[in-house]
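The values are calculated or read from the model by the stated rules, or taken from the named source; none is laboratory data. Computed from a prediction, not measured in an experiment: that's the story for all the values here. With ideal geometry, Cβ positions are generated from the backbone for all residues, glycine too; neighbour counts draw on all protein chains shown.
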Amino acid sequence: MTKETFSVQDFEKKYVARLKDRTLDWNVLKFQEEIDPAYKRAQMRYIGRGATANNDTNIIAGEHFTLSTMVLPPGCIGPLHLHDDVEEAFFILEGEVTALIQEDSYSEVHEIKLNARDCISSPPGVYRGIRNDGDVEARMLVMLGAVKPNLPTYPEGSALEELRKQRSKEREAIIKD
């Protein structure tokens, strides 16, 4: 049996994601923006497809987590949502944001101010969201603790939760690819 030689070129193709090859995807979360224009934001994926299960093939295939960057315009909100299977971390690169934390659909929403180089990690089963309170775009790293997280849920009775139920079959077809 012959041992394959290590090729740094092949390694680079498989495990390096360069900014010049990325684009901001303003459409992946457009379904939320259609519910409320304040939900406008963009994602740039690096490792894994994320919870949206998009068809982006220009990523490093994740084995244990996902990593993307997010752009949140001034005054916009990443709405409250819950991942039942993974923790999610937001690392603020630029801007002033407020993390939104809610124990369940009916409890109080708590606010935690975050600035550049601050980080928050939300465990599974806790609603989380983020709001840009500044005058400039907020930029952050977003990491999810699984390569194919379950589809997030939204607070009961919300328009986003109703839409999620409709879209869940669509997502399942995508992640089987």
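Restricting the range 17-36 to residues that are under 22 Å from T153 (Cβ atoms) and not charged (D, E, K, R) leaves a set whose member that is surrounded by the fewest Cβ atoms within 10 Å (Cβ to Cβ) is N27.
Listed here are the residues, each with its yes/no results for (1) assigned to a loop (DSSP other than H, G, I, E, B); (2) more than 19 Å from P123 (Cβ to Cβ); (3) free of Cβ contacts under 8 Å to residues at least 12 places away in the same chain.
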residue	(1), (2), (3)
D10	no, yes, yes
K14	no, yes, no
A17	yes, yes, no
T23	yes, yes, no
N27	yes, yes, yes
E33	no, yes, yes
Q43	no, yes, no
M70	no, yes, no
L100	no, no, no
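Among (1) under 23 Å from G75 (Cβ atoms); (2) over 16 Å from the mean Cα position of the chain (by Cα), where does S107 come up short? Failed condition: (1). Being over 21 Å from E137 (Cα atoms), out of contact with any His (no Cβ under 9 Å at 6 or more places or on another chain), of a type in the set (A, V, I, L, M, F, W, C) and at pLDDT below 95 is a property that holds for F11. Filtered by the rule that a residue be surrounded by fewer than 22 Cβ atoms within 10 Å (Cβ to Cβ) and more than 17 Å from E87 (Cα to Cα), the range 117-149 gives R117, R131, D133, G134, D135, V136, E137, R139.
The sole residue among D118, D84 that is over 16 Å from the mean Cα position of the chain (by Cα) and either acidic (D, E) or under 18 Å from W26 (Cβ atoms) (or both) is D118.
Applying the criterion of being in contact with a helix residue (DSSP H, G or I) (Cβ under 7 Å, 6 or more places away or on another chain) and not β-branched (V, I, T) to the residues of the range 76-96, the residue that is farthest from D133 (Cα to Cα) is P79.
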